[in-house]
Amino acid sequence: QVQLVESGGGLVQPGGSLRLSCAASGSSFGSLGWYRQAPGKQRELVATISNSGNTNYANSAKGRFSISRDNTKNTAYLQMNSLKPEDTAVYYCKLRSTMGLDYWGQGTQVTVSS
């Protein structure tokens, strides 16, 4: 049974930083990704990282966010800097297994507001 648990969300002022974590259990192999969903909007890709460390970012995340993973801890991270109010959303972690199955975490709320 694959489980993903996100943490690290919260309230931050514009220009601030947050670091999200995604702890995986049951499987650690496959690509990991961060997605977000703002109220009234569709869920969108933020960043992905392959098992070998190759990364991909949405245009909105480039230059401000950084995705990484620690395979020894089965954990992925999303470092978010220079946060903007439009980054406010529920952030979800997704694991795509080597079998092509997708697993989602429960999400963590990020609110950027003064």
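Here are some notes:
- Note on Glu86: accessible area approximately 120 square angstrom, rounded to 10, probe 1.4 Å, nucleic acids and ligands left out.
- Cα-derived Rg to Rh of the stretch 9-97, Kirkwood definition: 0.96
- Taking all protein chains together and rolling a 1.4 Å probe, Thr98 ends up with roughly 110 Å² accessible.
- Projecting the Cα positions of Ser60, Thr98, Thr75 onto the charge dipole of the chain (unit charges on Cβ atoms of Lys, Arg, Asp and Glu, taken about the Cα centre) puts Ser60 furthest along the positive direction.
- Sites Asn71 and Gln106 - FRET efficiency at Förster radius 25 Å, r taken between beta-carbons, to 0.05: 0.65
- Efficiency of FRET between Ser17 and Lys62 - r from beta-carbon atoms, R0 22 angstrom, step 0.05: 0.85
- Solvent exposure ordering (accessible area, 1.4 Å, most first) of Asp70, Asp87, Asp102: Asp102, Asp70, Asp87
- Of the residues Tyr57, Tyr91, the one with the largest accessible area comes first in the ranking Tyr57, Tyr91, computed with a 1.4 Å probe on protein heavy atoms.
- Relative contact order, percent, the chain [alpha-carbon distance under 8 Å, six or more residues apart]: 37 percent
The values are calculated or read from the model by the stated rules, or taken from the named source; none is laboratory data. Every value quoted in this text rests on a predicted model; they were computed, and no experiment measured them. Glycine also receives a Cβ, built like all others from the backbone with ideal geometry; neighbour counts cover every protein chain displayed. Only protein heavy atoms, including side chains, enter the accessible area calculation; ligands, DNA and RNA are left aside. Shrake-Rupley method; radii C 1.70, N 1.55, O 1.52, S 1.80 Å.
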